[in-house]
1. Three principal axis extents, largest first, for the C-alpha atoms of the stretch 169-233, in Å?
2. Binning at 20 Å from 0, report for the chain what percent of all alpha-carbon pair distances ends up in each bin.
3. Whole-Hz ³J(HN,Hα) for each residue in the stretch 131-141, computed from phi via Karplus 6.51 cos²θ - 1.76 cosθ + 1.60 with θ = phi - 60°, x for glycine and proline: what do you get?
4. Suppose all protein chains stay in the model; what accessible area per residue would a 1.4 Å probe give for the chain, in Å²?
5. In the stretch 1-74, what percent of the accessible surface is made up of carbon and sulfur (1.4 Å probe, ligands and nucleic acids excluded)?
6. How many nm is it between the label spots at Arg33 and Glu293, if each spot is 7 Å from the Cα in line with the beta carbon?
7. Could you give me D for the stretch 276-317, from Stokes-Einstein at 4 °C and 1.567 mPa s, where the hydrodynamic radius is the Kirkwood radius over C-alpha pairs? Units µm² s⁻¹, please.
8. Evaluate E = 1/(1 + (r/R0)^6) for Lys229 and Lys61, where r is the Cβ-Cβ distance and R0 equals 41 Å; express this FRET efficiency to the nearest 0.05.
Amino acid sequence: MSMQTSSLYFGLDIGGTKCAVVAGDENGRILERDCFKSGLDIPPEQILQEYAERIQRLRNKYEQNGQVFRAIGVSCGGPLDSEKGIIMRPPNLPLWDNVPLTDWLTRVTGLPAAVQNDANACALAEWKYGNGRGCRNMIFLTFGTGMGAGLILDDRLYTGACDMAGEVGHIRLSTDGPVGYNKAGSFEGFCSGNGIKRLAQMMVKKAWKENRTVSFCPDESALENITAKLIFEQAACGDPAAVEIVRICAEKLGEGLAILIDILNPERIVIGSIFTRSETQLRDTMIEVIKREALPFSSAVCEICPAGLGEQIGDYASLAVAMQVPCSR
């Protein structure tokens, strides 16, 4: 009587400061995680060699027990070509210039491989394992350092004609405002970590011109130390300048979501990072704006919720990409 073979998958999360490889099963259960440091100045060959060694170690450990790895999934910041599996010099990986990642992984490991940008990968993860489960049409918004989206439309990941679908941070919400995605007044300019920092800096300078003091930024030297985290903390304590910054962010979040709701008519919008941590400060104003701006039938069927996978979303994201890879069982 032959022993039943269990299918396992590798997920690789490639970042500018750290990288991880996870081993998981077909039910999305993470069995093991191996993390190592990366860096802007470390060549891709060195990072890939680290991955190869860790993948081999995990294969040796699990495959001796009758378990078989079926595929490798990769989550990485864009730009990239998911169809050809090429990394095309992302800002956080400047040395990764047209690196044929999936071809290399398949050649070294013998396993089929696929790569998706991190927003798409996180969308897949939330759809399969998080707060997007059960949806046919779902949007995932990163709302972290930047603002990007992953789109699940009609039960599949939608990537567009040249892998650029979901770049919602580039939508213009105002003729001027903080710069995000190289555009003043963009969705990313108002609703991202970097955008909130720039919005706060603009408003602090305006207050100074009007001879008003700002308690969390007493002088010029404190300007660069402003963070989105600081703004939300100060707003929670009732600081009037911080409260106003959060109100503007929430208002623009509602405007951006209303556009997505009208165009894509999703059942659910799942929002990560800053929204996950600060939902209570953003939700009321956001919902008020959506009710005012979006089509009533569309907004009535759309639920907006924080990401469900928390700090582990990167691990689940790469694993979810692996599950999408066509492979022989």
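The values are calculated or read from the model by the stated rules, or taken from the named source; none is laboratory data. Worth saying up front: this structure is predicted, and the values here are computed from it rather than measured. Positions of Cβ are backbone-derived with ideal geometry, glycine not excepted, and every protein chain shown enters the neighbour counts. To get the accessible areas, we keep the full protein, side chains included, count just its heavy atoms, and leave off ligands, DNA and RNA. Shrake-Rupley method; radii C 1.70, N 1.55, O 1.52, S 1.80 Å.
1. 33, 24, 17
2. 31, 53, 16, 1, 0
3. Karplus-based 3J(HN,Hα) across the stretch 131-141 equals 7, x, 4, x, 8, 8, 10, 9, 10, 10, 10 Hz.
4. Result: 48 Å² of accessible area for each residue.
5. 45
6. 3.4
7. Once the numbers are plugged in, D ends up at 107 µm²/s.
8. Efficiency, rounded to the nearest 0.05: 0.60.
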